[in-house]
Amino acid sequence: MGFVSLIFALSRACCSPIAVFIQIQGCGICLCLATGWAFAAFVRNREIERMKDNMKAGNSFAFLYSDIHELEHSNQVNLPRVSVVMPLKGFGEHNLHNWRSQITSLYGGPLEFLFVVESEEDPAYHAVSRLLADFKDEVEAKIVVAGLSTTCSQKIHNQLIGVEQMHKESKYVLFLDDDVRLHPGSIGALTAEMEKNPEIYIQTGYPLDLPSGSLGSYCIYEYHMPCSMGFATGGKTFFLWGGCMMMHANEFRYDRYGVVSGLRDGGYSDDMTLAAIAGAHKRLITSPPVAVFPHPLASDLSFSRYWNYLRKQTFVLESYMSNVNWWMNKGLFASHCYLSWGFVWPYLMSMTHVVAALCIYIRGYAQGETAFISNGLLLVTCQAICTFTELFSMWNLTRIEVELCNMLSPEAPQLSLATYNWVLVFIAMLVDNFLYPVSAFRSHFSQSINWSGIRYHLKGGKISKIERTKDMGPIYTDLGGKHLGKKGAPPKATFLGRLVRSLDQWRQPKKYDV
């Protein structure tokens, strides 16, 4: 009886004006996400319809060019040179396929690939060496050993070393992560947009996550989906994804706007730093509608590796270049935390109403004693309708992006929406939005992060100290499950154990290595 009384009290409390406002706000968040995904789906679907119309008109190469005349030799011979710089770390189950998709691009102009590794001991070095041996004399590619970073993140260091090694006649440089699976016409499409509009400062794209089945992989899919609407504008955007960024090569040759020094001198995140530079100088960032790339997640992606990934994502907001950048990051920090928990709390309230209604049904109470339950169930019904609308909109955008990816890569194994588990997607929405503020506050108070076995410390928004421990650190990266070649790694900890250690590390940031 005490439990029932407690549930009734909670249900009454959840019908208070403040609680009702929170639940209505939760419904509003669901509908805003649904609207954003609907617009993103419209933009992507418009590209699908354009390709279908071109195919009906006789252009069987619409996945490469909307105008088939652009395939003529007179046009292809004048295409500008592009240098593709790929900073590598470790080797995983999807890397070989991803690298093949990159070096077998059907771009008709001069093209070089620079695979940049930290050292020859990196497992990626030997894997890339074997791959390039198979394509000897077919592609212009080489491996660059960058050495250890001392003033910035290892990824940024590798990128800058790659830029130094690029061909002197390259007009554009394309930065790609090793988990990007390109379409045959991706480089050509990005270059065409740069040629069409010289005002473009950076062109970017975004991944379509392919969950492997674990809850951790669905949490990452759910984490990326709200951001996807910012990249599906079909043109100008304020967002930037470091996995795919094309820029004018001269921006780096002449250090325009301090792009090289901004990255090199304490830079932690490549995309956040470049986005800050573009914003400060009012430069244009665009994302063409065809720039969506399949991103298969590791088949053994555990929940603890998802947590590590989330930690690195929230830690990005602690890095900045200027006071304006600091205020923007803190605004993102506050709004994301507020909206994340504002999304989760209504479901907890709805659960209370449902449990109370079940108690009434099972035990049998007079209607006058439980009149408040009808109001609670009305809120539950509204929440359920908004949740269904949100999930449907997410499903529709994913369906359209899967179809677009299949059309852009007709030679590749076709992707399918049938592999997605939408019950796990809903659970992941709750888990990810609950954990985001926890991770964000953890990042704010620690000011340090372990990234692939390297601990970075921030001061004033920039890297101030880099620690490397030879025999400690993770042996796998988070998303792709890439082996990093570490020896003597500690026993694998549970997610709960990692979370307890993280909470303790708020007070002792140097005691543990996440």
Worksheet, complete the sentence: So, over other residues within a Cβ distance under 15 Å of Ile277, counting Lys, Arg +1 and Asp, Glu -1, the net charge is 0
Practice prompt. With +1 on each Lys and Arg Cβ and -1 on each Asp and Glu Cβ, and nothing else charged, work out how big the dipole of segment 45-93 is about its Cα centre, in Debye to the nearest 20.
Written response: 140 debye
Practice prompt. Find how many whole Å separate the alpha carbon centroid of segment 9-74 from the alpha carbon centroid of segment 79-106.
Written response: 28 Å
Fill in: Label-point separation, Leu348 to Phe441 (7 Å along Cα→Cβ), nm
1.1 nm
Response to the item:
In nm, the gap between the two label points placed 7 Å beyond Cα toward Cβ at His167 and Arg100 is 2.5 nm
Discussion item. Restricting to Cα pairs below 8 Å that are 6+ residues apart, what does the relative contact order work out to for segment 157-297? Please round to a whole percent.
Written reply: 42 percent
Item to complete: Once every Cα of segment 174-246 carries one equal point scatterer and solvent is ignored, give the base-10 log of I(q)/I(0) from the Debye formula at q = 0.14, 0.17, 0.26 Å⁻¹, two decimals.
Response: -0.50, -0.70, -1.32
Practice prompt. Leaving ligands, DNA and RNA out of it, work out the accessible area of Val173 with a 1.4 Å probe and give it in Å² to the nearest 10.
Written response: 0 Å²
Worksheet entry | Cα shape, segment 297-421, gyration tensor, a/c 1.5 rule | oblate
Fill in: Neighbour net charge for Lys459 - beta-carbon separation under 12 angstrom, K R +1, D E -1
+1
Worksheet entry | Accessible area expressed per residue, segment 250-299, with surrounding protein chains retained (probe 1.4 Å, Å²) | 35 Å²
Worksheet item: Which Cys in the chain stand alone, with every other cysteine's Cβ at 4.7 Å or more from theirs?
Response: Cys14, Cys15, Cys32, Cys152, Cys219, Cys227, Cys244, Cys337, Cys359, Cys382, Cys405
Practice prompt. Find which of Ala127, Phe63, Asn45 sits farthest along the positive direction of the dipole of segment 36-131, computed with +1 on the beta-carbon of Lys and Arg, -1 on that of Asp and Glu, about the Cα centre.
Written response: Asn45
Worksheet item: At a 1.4 Å probe radius, carbon and sulfur cover how many percent of the accessible area of the chain?
Response: 62 percent
Practice prompt. Grab the Cα-Cα distance for Ser335 and Val77, subtract it from 0.36 nm times how many residues apart they are, and report the gain in nm with one decimal.
Written response: 88.0 nm
Worksheet item: Accessible area per residue of segment 84-194 at 1.4 Å probe, in Å²?
Response: 37 Å²
Response to the item:
For Lys462, counting only aspartates and glutamates whose alpha-carbon sits under 15 Å away and dropping same-chain residues fewer than eight positions off, the answer is Asp265, Asp270, Asp271, Glu318
Worksheet item: Which percent, to the nearest 5, of DSSP beta bridges fully inside the chain are antiparallel?
Response: 45 percent
Fill in: Dipole magnitude (debye, nearest 20) for the chain, charges at Cβ of Lys, Arg, Asp, Glu
1620 debye
Fill in: Accessible surface of Ser416 - all protein chains present, 1.4 Å probe, nearest 10 Å²
60 Å²
Item to complete: Please find the FRET efficiency linking Glu199 to Ser16, where r is the Cβ-Cβ separation and R0 is fixed at 56 Å, and quote it to the nearest 0.05.
Response: 0.60
Response to the item:
Shape call for segment 398-458, from the Cα gyration tensor axes a ≥ b ≥ c (a/c under 1.5 means rounded, otherwise prolate when a/b beats b/c, else oblate), comes out oblate
Worksheet, complete the sentence: Quick shape summary for the chain, equivalent ellipsoid via Cα gyration tensor, semi-axes whole Å in descending order, reads 42, 29, 21
Worksheet item: For segment 32-132, what does the alpha-carbon gyration tensor say about shape, rounded, prolate or oblate, given a ≥ b ≥ c as the root eigenvalues, a/c under 1.5 as rounded, and a/b over b/c as prolate?
Response: oblate
Discussion item. Counting only helical runs of four or more DSSP H residues, what would the 222 nm mean residue ellipticity of the chain come to if each run contributes -39,500 (n - 2.57) and the total is spread over all its residues?
Written reply: -17000 deg cm²/dmol
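The values are calculated or read from the model by the stated rules, or taken from the named source; none is laboratory data. What you see is a predicted model, and the numbers here were worked out from it, not measured in a lab. Counting neighbours? That spans all protein chains shown, and the Cβs are built from the backbone with ideal geometry, glycine included. Heads up: the accessible areas ignore ligands, DNA and RNA and are worked out on the full protein's heavy atoms, side chains in. Shrake-Rupley method; radii C 1.70, N 1.55, O 1.52, S 1.80 Å.
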